[in-house]
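To start, the structure itself, in structure tokens.
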């Protein structure tokens with residue numbers, strides 16, 4: 001029988017996560033609830049915060065607990081009381097079959113609260129074993145409005161009949177500082193750039209030396225690290241595995257495998273292409289983005305001086321920063337949306353396209369400028385014309401502090417509106 005770790009946690013510095021309400025609702029009517037996400041984004045803290053008082057907490061980072069679960073998964077699971085939290089469950093995928101059996105025999109809601117640092121949707125054993133029995137949530141690094149405690153959701157405002165975009169008094173310099181800090185809770189608590197850099201370096205080393213080895217046969221860790229750094233430097237670029245392989249010095253197949261592992265560990269994610277109209281020559285290639293711009297900036301040495309002096313680098317990282325903020329907010333927005341990018345072969349590009357289930361569309365462009373002009377809306381106007389009645393609104397996010405109308409349903413909006 002496992003030794004239970006009862007949860008005596010200090011939540012004095014706890015930052016409220018906006019997924020809390022949805023996870024609590026799932027625990028009330030779903031047998032198994034899982035919180036997946038990158039290491040150190042706060043999954044364990046959130047799980048402990050949401051679990052019932054006195055609920056057992058077990059982690060497979062503990063070698064004794066890990067050995068007990070591997071030895072006899074069914075006996076291990078059967079002995080656990082309702083509401084048990086099991087942390088880092090990806091280390092023992094065979095325990096999931098035992099959980100399936102247990103929740104089928106005893107189908108009470110909130111039977112288990114699981115966490116894991118690998119993408120559960122890409123692990124066949126998990127998705128097959130718990131289909132229809134599990135609700136899965138992805139916890140991302142802290143969004144800026146979680147850091148500041150803002151209750152507004154930019155996506156709901158974007159689709160509102162009469163939007164009221166708020167803003168904070170922030171310069172591009174302060175926004176760049178947010179970008180290079182990122183959203184990992186421990187990094188935010190460190191004010192010195194050198195101490196943040198030390199945390200990032202240790203974090204990457206741990207991921208490459210430990211976690212990535214568990215996912216597959218990694219024969220070239222140096223190559224995997226070079227690939228991660230290159231993807232960080234090409235933030236928000238179109239995915240071209242052949243070009244990446246050539247530059248890193250790996251085969252295309254190996255590059256594809258390594259990218260898959262880096263995505264499973266929530267270091268990278270793919271933004272799919274939007275394509276609705278038949279007959280239009282549009283790109284179907286996804287964009288590849290780092291999960292956290294602080295980590296990305298560290299990986300390729302992009303400090304504040306580089307961002308100020310090289311706007312091409314700043315634009316890519318800023319687009320990623322905004323995409324990550326929007327992605328986080330989609331998970332708790334009242335307005336349900338799917339997130340895409342858009343590119344036609346004649347050059348028309350839209351950084352972000354949000355689509356509601358009813359087909360309503362909103363377009364977002366990102367510019368590292370404090371002075372937007374009419375020409376910045378050229379592509380958005382074409383997209384609006386092509387979308388017809390489906391087009392709801394277009395927004396250019398820029399580094400100013402005032403919302404400016406550039407025509408019907410077209411606005412230049414301060415980037416700080418994302419967390420105002």
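Computed from the coordinates by the stated procedures, all read-outs in this text should not be read as laboratory data. These numbers come from a predicted model, not from an experiment. Glycine also receives a Cβ, built like all others from the backbone with ideal geometry; neighbour counts cover every protein chain displayed.
Quick one: 207, 404, fewest Cβ neighbours within 10 Å first, how do they rank?
On the way: 207 24, 404 13.
In order of increasing Cβ crowding within 10 Å: 404, 207.
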Inter-label distance, nm, simple model (7 Å from Cα along the C-beta direction), residue 191/residue 28 | 4.2 nm
Can you tell me the FRET efficiency between residue 358 and residue 331 if r is taken as the Cβ-Cβ distance and R0 is 22 Å, rounded to the nearest 0.05?
-> 0.65
Would you mind ranking 137, 112, 238 by Cβ crowding within 10 Å, fewest neighbours first?
-> 238, 137, 112
Could you give the angle, 0 to 90 degrees to the nearest 10, between helix 311-330's Cα long axis and the longest principal axis of the Cα atoms of the chain?
-> 50 degrees
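Got a sec? How would 331, 202 order by Cβ neighbour count within 10 Å, fewest to most? Intermediate values should be presented prior to the final figure.
Details: 331 15, 202 10.
Ordered by Cβ neighbours within 10 Å, fewest first: 202, 331.
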Taking the alpha-carbon centroid of each part, what is the distance from segment 245-312 to segment 171-211 in angstrom?
-> 19 Å
Express in nm, to one decimal, how much length is gained between residue 311 and residue 404 on full extension, taking 0.36 nm for each residue of separation and deducting their alpha carbon distance.
-> 31.2 nm
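How high is the relative contact order of the chain, in percent, with contacts defined as C-alpha pairs under 8 Å that are six or more residues apart?
Numbers: 733 pairs, mean separation 68.0, N = 420.
The value is 16 percent.
Based on DSSP, what percent of beta bridges with both residues in segment 144-418 are antiparallel, to the nearest 5? Before the final figure, lay out each step's value.
Numbers: 18 of 30 bridges.
The answer is about 60 percent antiparallel.
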Inter-probe distance in nm under a simple model that places probes 7 Å from Cα toward Cβ, at residue 369 and residue 106 = 6.2 nm
Let me know the shape class of segment 10-71, please: from the alpha-carbon gyration tensor, a ≥ b ≥ c as square roots of the eigenvalues, rounded when a/c is under 1.5, otherwise prolate if a/b is greater than b/c, or oblate.
-> prolate
For the chain, find the longest principal axis of its Cα atoms and tell me its angle to the long axis of helix 252-264, 0 to 90°, nearest 10.
-> 70 degrees
Candidates for log10 I(q)/I(0) by the Debye sum over Cα atoms at q = 0.08 Å⁻¹ are (i) -0.66; (ii) -0.47; (iii) -0.41, and the calculated one carries label (ii)
Under a plain spin-label model, where a point goes 7 Å from the Cα along Cα-to-Cβ, how far apart in nm are residue 256 and residue 147?
-> 3.8 nm
Relative to the present Cα-Cα distance, how much length would full extension add between residue 240 and residue 169 at 0.36 nm per residue of separation?
-> 21.7 nm
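Applying 1/(1 + (r/R0)^6) with R0 = 41 Å to the Cβ-Cβ distance of residue 72 and residue 222, what FRET efficiency is obtained, to the nearest 0.05?
In this case the efficiency is close to 0.55.
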Cα-based helix-to-principal-axis angle, 95-105 vs the chain, degrees rounded to 10 = 80 degrees
